[in-house]
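Undergrad: There's a structure below that I have some questions on.
The values are calculated or read from the model by the stated rules, or taken from the named source; none is laboratory data. This structure is a prediction, so every number in the text was calculated from the model and none was measured. Neighbour counts are summed over all protein chains in view; Cβ atoms, including those assigned to glycine, are modelled from backbone coordinates with ideal geometry.
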Amino acid sequence: MSSYSVLLRLDKGPLPMVFTAMEDIEALRILKDGGWIKASFSAPPGLPGTATVTELTPLGRFAMQFVQPDQEAP
């Protein structure tokens, strides 16, 4: 799942929201590093675990106005 798709799920709530899929967790790490969300991770990068998102930050909500959905390859 793309970072944009994860953002859409977070925007629709409710929070806190727990993720277990590695692809989602890696996308969440990127969003957290950018300051778009507040999240905690149960394992270091690359290891199985969970991510719990507690907030979509004001910066994240603002940025969503400018992020374009991922395009599917033809």
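Undergrad: Six or more apart or on different chains, Cβ under 8 Å: which pairs go from a residue in the range 16-43 that's touching a residue at least 24 places away in the same chain (Cβ under 8 Å) to one that's basic (Lys, Arg) and part of a helix (DSSP H, G or I)? Could you list them?
TA: Pairs found: Met17/Arg9.
Undergrad: What do you reckon, is Leu15 at negative phi, modelled with pLDDT of 95 or more, part of a helix (DSSP H, G or I) and among the hydrophobic types (A, V, I, L, M, F, W, C)? Lay out the reasoning, then the answer.
TA: Values: at negative phi: yes; modelled with pLDDT of 95 or more: yes; part of a helix (DSSP H, G or I): no; among the hydrophobic types (A, V, I, L, M, F, W, C): yes.
So Leu15 fails the test.
Undergrad: Another question, if that's okay. Can you give me the number of residues within the range 41-74 that are modelled with pLDDT of 95 or more and among the charged types (D, E, K, R)?
TA: Counting residues in the range 41-74 that are modelled with pLDDT of 95 or more and among the charged types (D, E, K, R) gives 1.
Undergrad: Moving to a separate point now. Applying the selection to the range 2-57, what residues are over 9 Å from the mean Cα position of the chain (by Cα), of a type in the set (Asp, Glu) and surrounded by 13 or more Cβ atoms within 10 Å (Cβ to Cβ)?
TA: The answer is Glu55, and nothing else.
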